[in-house]
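Only the coordinates and a few stated rules stand behind these numbers; no lab work does. Since we're looking at a predicted model, the values are computed, not measured. Every residue, glycine as well, gets a Cβ built from its backbone with ideal geometry; the counts of neighbours run over all protein chains shown.
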Amino acid sequence: MELSERKKQILSTIVRTYVQTGEPVGSKALCDSLGGISSATIRNEMSFLAENGYLTQPHTSAGRIPTNRAYRLYIDDLMPRRAPSEALMAQIRRLMPDTSADSQRALLSAVGALSKATGCAALITSQVSSGTLIHKIELIPMGFNRALLVLVTSSGAVTSRMYSFSVTLTGELIGRFLSLAEEHLIGKELNSIQPATLQTIVASAGGFALELTEPVFALGEIIEELGKSTLTLVGETRLLSHPGITLSKAHEMFELFSGGDEILAMLDAWGKESGVILGGDTSYTALDRSSLVLSKYSVGNATTGYIGIIGPTRMDYDSILPGIEYFAHLLSADTQQKKGLI
């Protein structure tokens with residue numbers, strides 16, 4: 001049922017007042033806020049909103065508080081969409097990390113800053129885009145049979161792993177490895193590299209085939225790992241500072257996010273540029289008292305994930321959502337500029 005403009009006005013005021021005070025909202029407070037509407041009319045409208053699932057009453061003598069349905073309507077249709085204030089933008093700019101280092105380090109620093117600024121847990125997801133190329137591969141010897149394997153992508157991501165091999169890494173062997181990598185992998189899309197590609201590299205190594213099997217397939221492990229979506233959660237313990245999120249509820253949330261796959265699948269299905277996921281709208285009871293406020297960010301010219309916060313359902317979405325959107329925009333632009341992409 002479509003709500004009248006007056007009902008929407010009352011509901012919007014209840015949501016904003018409850019977010020600010022944390023106390024149930026009564027008709028007297030609404031009369032003071034709205035003016036021009038009688039207390040009897042407000043009580044009737046509040047009863048209608050309660051009967052239709054927008055409000056609930058925690059105690060018989062108390063005022064009303066918004067339900068998940070009320071928050072959803074408010075966020076989607078009633079909340080004023082505006083740019084963050086100059087003061088908020090200045091605060092966010094001060095929090096931005098130094099992105100002169102590699103982009104992965106910068107992104108982790110950014111999500112930590114976001115958690116600290118909001119007092120909430122913060123998350124970042126990362127997925128290599130279909131256009132990400134293998135830019136550079138290095139095999140740096142650290143002994144007779146130990147070496148650091150390094151892969152750099154066109155988006156600026158740097159991944160390195162230390163490996164111990166069963167063969168001695170001679171200069172000739174390393175040279176042959178790098179030559180084959182240059183021929184078969186450099187400039188190729190990361191997601192296009194299949195096990196058959198690695199087998200082709202080994203087969204074309206000639207007399208070095210047996211010795212190069214381990215380094216080539218170690219490189220394959222790194223490529224496979226980079227191709228997977230990842231989720232990083234920072235500041236989990238800050239959830240405990242919010243009323244309504246108990247220790248047991250926080251533990252449920254930690255368990256859900258630690259796996260990552262279910263949250264990543266949920267975000268993939270959601271697919272919006274930015275917005276709010278209300279925990280009560282999901283199938284996860286671990287999230288029923290919380291919300292995720294998210295925005296997509298990009299490194300280079302391709303979208304590579306979401307950055308945002310997890311906090312209680314009672315949250316100041318009016319300022320937090322535009323703040324997260326600005327943070328993601330600033331992070332994306334700064335990362336691209338430092339990499340010489342814009």
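What the table shows:
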item: Of [x] 24.6; [y] 22.6; [z] 21.3, the label for mean projected area of the Cα convex hull in nm² derived from the coordinates; result: [z]
item: When each of LYS188/LYS296; LYS8/LYS28; LYS188/LYS272; LYS249/LYS272; LYS249/LYS296 is checked by Cα-Cα distance, pairs over 20 Å; result: LYS188/LYS296; LYS188/LYS272; LYS249/LYS272; LYS249/LYS296
item: Helix axis angle, 86-95 relative to the chain longest principal axis, alpha carbon, degrees; result: 30
item: Dipole of segment 134-227, positive direction: furthest Cα of SER164, ALA196, VAL216, with charges on the beta-carbon; result: SER164
item: Normalised contact order of the chain, rounded percent, pairs of Cα under 8 Å and 6 or more residues apart; result: 18
item: Formal net charge of residues neighbouring GLU252 (Cβ-Cβ distance under 13 Å; K, R +1; D, E -1); result: -2
item: Order of LEU180, LEU198 - criterion: other Cβ atoms within 10 Å of each residue's Cβ, fewest first; result: LEU198, LEU180
item: Cα gyration tensor shape of segment 31-97, rounded if a/c is under 1.5, else prolate or oblate by comparing a/b with b/c; result: prolate
item: Charge dipole (debye, nearest 20) of the chain; +1 at Cβ of Lys and Arg, -1 at Cβ of Asp and Glu; result: 1040
item: Net charge of neighbours whose Cβ lies under 11 Å from the Cβ of HIS242, counting Lys and Arg as +1 and Asp and Glu as -1; result: +4
item: Gaussian network model of the chain, springs between alpha carbon atoms under 10 Å - residue of THR246, THR21, THR67 with greatest fluctuation; result: THR21
item: Rounded, prolate or oblate (a/c below 1.5 giving rounded, otherwise prolate when a/b exceeds b/c) for segment 134-227 by Cα gyration tensor; result: oblate
item: Stretch in the chain that is longest and holds no trypsin sites (Lys or Arg not before Pro) that DSSP places in a loop and that have at most 10 other beta carbons within 10 Å; result: 83-342
